[in-house]
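Working notes, structure below.
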Amino acid sequence: MIERGDFNPGERLPAERQLAEQLGVSRPSLREAIQKLASKGILHSRQGGGTFVNRNLSGDACEDLVRRMESRPETWPDILEIRHALEGTSAYFAALRATDEDRKQIRDCYDRMIAAHEAGEGLVEAQADAEFHLAIAEASHNEILVQIMRSLFCLLQANVQRNLNQLYKLPRIFEPLSRQHTNLLNAVLEGDPERARNAAQDHLEFVDETLHRIDRGGAFAHVD
């Protein structure tokens, strides 16, 4: 239906019950299909806000890019460079422009990320982490910036998952990462654009530096 244009880019899908009846499938089957399309970057779900067709690169194109990056691990730092460029700007404008609904969405993503960590659900945590950063981008209300971030969503999620797998090899790594996410959250929610941009960049600099230490075999036993 998406391929033949029944749903246009940016359009919200019908309610779950209505769409399941329309397709003649069970609601659990529909949810599974939506999750798969979201993982391919074709759909994007907002907590309490419905599911939308992305205005972005095709899921296949994004998946191909992920596979190429996985086959060339030396290129993963390139993703962090792109994130530096995009997410500092996202955080800055999110702090200026976020609505009450945006703030709730950002807070919900943050809470899911913390809950997933406490439950030991690494994949869920990685997805919530990526959604947290994407929610901040959406709160910027810069349509071009949002489209680029949505285009990179599956790549962002893969990058976050890889980073978490590497970073959590170090003892007590969650503490500084959680502190950085909290600083970013508070700066955006409190409407402080400069602090939000600095918090986003400080977070990514910490991730970049720590991953380099791991790659050099210099993983440290304690992180202040």
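The values are calculated or read from the model by the stated rules, or taken from the named source; none is laboratory data. This structure is a prediction, so every number in the text was calculated from the model and none was measured. A quick note on method: Cβ atoms are made from the backbone with ideal geometry, for glycine too, and the neighbour counts reach across all protein chains shown. Just the protein is used for accessible areas: all its heavy atoms, side chains included, with ligands, DNA and RNA removed. Shrake-Rupley method; radii C 1.70, N 1.55, O 1.52, S 1.80 Å.
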(message) What is the sum of charges, Lys and Arg at +1 and Asp and Glu at -1, for the other residues whose Cβ falls under 14 Å from the Cβ of S26?
(response) 0
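Mind ranking F132, F52 by accessible surface for me, highest first, 1.4 Å probe? Could the numbers behind the result be given before it?
Numbers: F132 0, F52 35 Å².
Final ranking, largest accessible area leading: F52, F132.
Near L86, within a Cβ-to-Cβ distance under 13 Å, what is the net charge of the other residues, with Lys and Arg +1 and Asp and Glu -1?
Numbers: positive: R83, R150, R197; negative: D78, E81, E87, E138.
Residues near L86 contribute -1 overall.
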(request) Show me 16-29, 111-124, 179-192 ranked by packing, highest mean number of other Cβ atoms within 10 Å first. (result) 179-192, 111-124, 16-29
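How do D6, D202, D208 stack up against each other in accessible area, from largest to smallest, with a 1.4 angstrom probe? The partial results should precede the final answer.
On the way: D6 65, D202 85, D208 45 Å².
Descending order: D202, D6, D208.
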(request) Can you tell me the FRET efficiency between R97 and E175 if r is taken as the Cβ-Cβ distance and R0 is 41 Å, rounded to the nearest 0.05? (result) 0.85
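Roughly to the nearest percent, how much of the accessible area of the range 2-53 is carbon and sulfur, given a 1.4 Å probe? Walk me through the numbers on the way to the answer.
Numbers: 1590 of 3370 Å².
With neighbouring chains kept in place, the figure for the range 2-53 is 47 percent.
Which whole-number value in Å² is the accessible area per residue of the range 2-53, probe 1.4 Å? All intermediate terms of the calculation are to be shown ahead of the outcome.
Working: 3370 Å² over 52 residues.
That works out to 65 Å² for each residue.
Full-extension gain between I144 and Q201, please, as 0.36 nm times their residue separation minus the C-alpha to C-alpha distance.
On the way: separation 57, 0.36 × 57 = 20.52 nm, distance 2.04 nm.
Result: 18.5 nm gained on full extension.
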(message) If I model a spin label at E32 and E121 as a point 7 Å from the Cα along the Cα→Cβ vector, what separation in nanometres do I get?
(response) 1.8 nm
(message) On the Cα set of the range 77-157, report Rg and Dmax in Å, please.
(response) 12.5, 36
